[in-house]
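One structure is given below, encoded as structure tokens.
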Amino acid sequence: MRKNIRLLLNSTVGKLPRRDLWSAAVPAGATDAETLLTRRALVTGITGQDGSYLAEHLLAEGYEVWGLVRGQANPRVRRVRQLLSDVRLVRGDLLDQGSLISAVERVQPDEVYNLAAISYVPMSWQQAELTGEVTGLGVLRVLEAIRVCSGISASRSPTTGQIRFYQASSSEMFGKVRESPQTEQTPFHPRSPYGVAKAYGHHLTQNYRESYGMFAVSGILFNHESPRRGAEFVTRKVSLGVAKIKLGFERQLRLGNLGASRDWGFAGDYVRAMHLMLERDEPADYVVGTGVTHGVGELVELAFKVVGLDWHDHVVTDAAFIRPAEVDRLCANPAKANSELGWDPKIGFEELVTMMVEADLELLSVSGGHAEDSFGSDAW
Ligand code: NAP
Ligand code: G4F
């Protein structure tokens, strides 16, 4: 296991590639130049839920964190600047190969976390080609940027100083599940253009590892939520809906399939697993989830219970939210992450739902019922 070491280096090793410096022994008399080295991470998807938690985690671990941001006037960038003030920003878009090469060249990262995606499953039917471009081919473009900037080719293997790569794979790849619970070996049967695009990114990450010897890994993460979750996802839609009803701003909550089940965990726990994967001596893929599954109906019942209301009085099912093809039930077997990474989730389902409802009650009380900014009030 690598350590997050800070080395005091003299000028003779100051010219080595950054990654080599981590494994270099501190030479005698190393204190004279006193160059303090910090590991450097580039995070795509920094404006999203996971990007925010990962950035906080890496900063706390002593990293220099850079976030890739896109667009001419992306409103979420201002929020990142204000609230993750220690994160440095670099422009780039997963649709634009040149921008990714420039970003990797500029940042010279030790680690790249590719969290950027079109991540809302229903949107992937409405904009299937765009989803394929961003969520699928975007992975290829990030890997190519790393490969080109590192000078890796079929005939030139990476050195010990290579950039490590994390890909945000998804339990949506299991789709119509072949077995339960799902492990790293469970075959994929994706049920949406999003799931298909993620499966492409997953296989490509394995392929770059096998073809070029790159340290490239995928975390197959099951659903993870928080007060920073986008308002379009069911947990946040429910926590916001419950808070609005409790505070008298709304009377009804319209939902789709209450019969589906998910393995829901807390996003703050899951970003620790991402980092641990890049700390390993050998690259490998890991399933990350709690191993416990709950129905959407259960989620709804619990969230209303937190504020002392009966969900039957407020929830309406609406065919508009039913998907063309559904993933009925997901449940992780996180045994490998547990034994090899020493990873465990700390926050359970009840605590998570209560945290989200309470955060939205506070957010809406302060804002007078408005939640255009879909992030909750916890430090955002
Ligand atoms: P999220 O909140 O939806 O964030 C997605 C991020 O992708 C945003 O920062 C967005 O930036 C960025 N993005 C979208 N299109 C882009 C493009 N063309 N170029 C550059 N950036 C772009 O997602 P999340 O919940 O944090 O999830 C992070 C990753 O994990 C995603 O890849 C998701 O598919 C995957 N995942 C999530 C879960 C989960 O339960 N949360 C489970 C498994 C896997 P803008 O602000 O510019 O739009
Ligand atoms: O919260 P969801 O939209 O999440 P979904 O589709 O499971 O995808 C999330 O988790 C994946 C990991 O498995 C990620 F890869 C992906 O990026 C995303 O973060 O829906 C959960 C369930 C579904 O079965 C859906 O049909 O809730 C059901 N549902 C019922 N009513 C609803 C609604 N989902 C949404 N978004 N809105 C509803 O009104």
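The table below lists the values:
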item	result
Cβ pairs under 7 Å, 6+ apart, first in the stretch 80-95 and assigned to a helix (DSSP H, G or I), second modelled with pLDDT under 95 and surrounded by fewer than 20 Cβ atoms within 10 Å (Cβ to Cβ)	83/379; 83/380
Any hit, the stretch 324-339, residues being without any contact (Cβ under 8 Å) to a residue 24 or more places away in the chain and surrounded by fewer than 21 Cβ atoms within 10 Å (Cβ to Cβ)	yes
Residue 139 being away from ligand 2 (no atom under 16 Å from the Cβ), under 20 Å from residue 162 (Cα atoms) and in contact (Cβ under 8 Å) with a residue 40 or more places away in the chain	no
Which listed residue is closer than 28 Å to residue 176 by Cβ and within 21 Å of the chain's Cα centre (by Cα), from 221, 276	221
Subset of the stretch 153-174 [more than 18 Å from the chain's Cα centre (by Cα) and either in a strand (DSSP E or B) or surrounded by 24 or more Cβ atoms within 10 Å (Cβ to Cβ) (or both)]	153, 156, 163
Only one of 201, 219 that is in contact (Cβ under 8 Å) with a residue 40 or more places away in the chain, in contact with a Gly (Cβ under 9 Å, 6 or more places away or on another chain) and within 15 Å of ligand 2 (Cβ to nearest atom)	201
Pair list, Cβ < 8 Å and 6+ apart or interchain, from the stretch 171-183 residues that are more than 11 Å from residue 287 (Cα to Cα) to residues that are within 13 Å of ligand 2 (Cβ to nearest atom) and in a helix (DSSP H, G or I)	172/194; 172/195; 172/198; 173/195; 173/198; 173/199; 173/202; 175/195
Count of residues meeting criterion [farther than 14 Å from residue 354 by Cα, within 13 Å of ligand 2 (Cβ to nearest atom) and either over 11 Å from the mean Cα position of the chain (by Cα) or crowded, with 24+ Cβ neighbours inside 10 Å (or both)] in the stretch 238-269	12
The listed residue being away from ligand 1 (no atom under 14 Å from the Cβ), of a type outside the set (A, V, I, L, M, F, W, C) and touching a residue at least 40 places away in the same chain (Cβ under 8 Å), out of 122, 109	109
Residue list for the stretch 175-207, filter: more than 11 Å from ligand 1 (Cβ to nearest atom) and not in a loop (DSSP other than H, G, I, E, B)	182, 193, 196, 199, 200, 203, 204, 205, 206, 207
Extreme residue, farthest from the chain's Cα centre (by Cα), among residues of the stretch 305-333 that are under 30 Å from residue 217 (Cα atoms) and within 14 Å of ligand 2 (Cβ to nearest atom)	325
Candidate set from the stretch 345-360 (those that are β-branched (Val, Ile, Thr) and part of a helix (DSSP H, G or I)); member that is nearest to residue 235 (Cα to Cα)	353
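The values are calculated or read from the model by the stated rules, or taken from the named source; none is laboratory data. Computed from a predicted model, the values in this text were never measured in an experiment. Heads up, the Cβs are rebuilt from the backbone with ideal geometry, glycines too, and the neighbour counts pull from every protein chain shown.
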